[in-house]
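Student: Structure provided below as structure tokens; questions to follow.
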Amino acid sequence: NLIMTVLIAMVLVYTILGGMVSVIITDYVQFIVLSIGMAFALFYCLSHPDIGWANMVSTLTEARGEAAFNPFHPDSYGWVFVIWMVCMGVFGSVTWAPEATRSLTSKDVATTQKTFLLGSAGSFVRLASPALIAIAALPSLPMIHNCRHISSRMGSRARCRMHHMPYPWCSARS
């Protein structure tokens, strides 16, 4: 509690003394640090010999087969999941504060369209990079994607509860 109180006091002091300029500079520095970290993690995931693109694809294929790549496969997520993701993408992007500000503060429709067109690449990278890093976790954790292996090592009472999650962790349902 003491550390959190000191950190909050520091933030309040530099915000009061520096105003919005200090907040903008802090946001920019955070963006740079997070971008460097994400770029390093992405490079590591794609270039590491035990993870890499080919190993990610082969591990997903081994764990889920066609269902890993086809959301409409009978063993995959289905139409409800796809509709839900589309709704989350559309409504989440429309109501996200930076996107709403971008559209509400431009001088005309053409400027708004140009701003969204130029910003779409950055938005895609910000969404796709963490997803790719999450997919890279599967080949780096070899025991998790094979529930039969876990069950055989732990006995007949073991149940793989991970298949209840909406992710392709388990190749067998128990």
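Student: What residues from region 85-104 fall in the zone where the backbone N is under 18 Å from a label point 7 Å along the Cα-to-C-beta line of F72?
Tutor: 85-87
Student: Using the Cα centre as the reference, give the magnitude of the dipole from point charges on the C-beta atoms of region 1-150 (Lys, Arg: +1; Asp, Glu: -1; all else neutral), rounded to the nearest 20 debye.
Tutor: So the magnitude is around 240 debye.
Student: Could I ask something else about it? Of the accessible area of region 2-100, with the probe set at 1.4 angstrom, what percent is carbon plus sulfur?
Tutor: Carbon-and-sulfur percentage of accessible area, whole number: 80.
Student: Tell me, what is the per residue accessible area of region 1-153 in Å², probe radius 1.4 Å? Write down the numbers at each step before the final one.
Tutor: Numbers: 11270 Å² over 153 residues.
Accessible surface, normalised per residue, equals 74 Å².
Student: Can you tell me which of 19-32, 66-79 comes out highest on packing, and rank the rest after it, using the mean Cβ neighbours within 10 Å?
Tutor: Per-residue mean Cβ counts within 10 Å order the peptides as 66-79, 19-32.
The values are calculated or read from the model by the stated rules, or taken from the named source; none is laboratory data. Remember, it's a predicted structure, so these values are computed and weren't measured experimentally. When we count neighbours, we look across all protein chains shown, and the Cβ atoms used for this are built from the backbone with ideal geometry, even at glycine. Surface accessibility is based on the protein's heavy atoms, side chains included, excluding ligands, DNA and RNA. Shrake-Rupley method; radii C 1.70, N 1.55, O 1.52, S 1.80 Å.
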